[in-house]
Amino acid sequence: MFGKLTLEAFQHDAVQNGAVFGGLISAIFVVILITYLGRWKWLWREWITSVDPKKIGVMYIVVVLAMFLKGFAD
C-alpha cells in the first residue's frame, strides 16, 4: 500500500527548490531581524496574544498571503 520511499520521491524541479529555499532564507531573515531589533516581547504582547479584532484580521491576512504564495510555488 505505501510502497518504498526512495530519494526519487524528494526530487523536484528548480522552481520548487528555489521557492523552498527562498522561503527558508526569508523566514531566517525575519527571525534575525526581529531578534536584532529586540521586538520579540512587543510582538508577543501586542500582536500574537491580542484579542483586538483588527489585529486578528491583519494576522489572518498575513497567514493567508503566506499560504497563497506557498500554493503558488507548488
The helices (runs of 4 or more DSSP H) lying entirely within the chain that contain at least 1 residues which are touching a residue at least 24 places away in the same chain (Cβ under 8 Å) are 14-37, 53-73
All conditions in (1) at pLDDT below 95; (2) in contact with a helix residue (DSSP H, G or I) (Cβ under 8 Å, 6 or more places away or on another chain) are true of residue 34 except (1)
- Does any residue of segment 57-67 turn out to be surrounded by 12 or more Cβ atoms within 10 Å (Cβ to Cβ) and either at pLDDT below 95 or among the charged types (D, E, K, R) (or both)? yes
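Here's the yes/no breakdown for (1) among the small types (Gly, Ala, Ser); (2) within 26 Å of residue 71 (Cβ to Cβ); (3) surrounded by 10 or more Cβ atoms within 10 Å (Cβ to Cβ):
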| position | (1), (2), (3) |
| --- | --- |
| 14 | yes, yes, no |
| 20 | no, yes, yes |
| 24 | no, yes, yes |
| 31 | no, yes, yes |
| 38 | yes, no, no |
| 50 | yes, no, yes |
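The values are calculated or read from the model by the stated rules, or taken from the named source; none is laboratory data. Computed from a prediction, not measured in an experiment: that's the story for all the values here. Because the Cβ atoms are built from the backbone with ideal geometry, glycine has one as well, and the counts that use them run over all protein chains shown.
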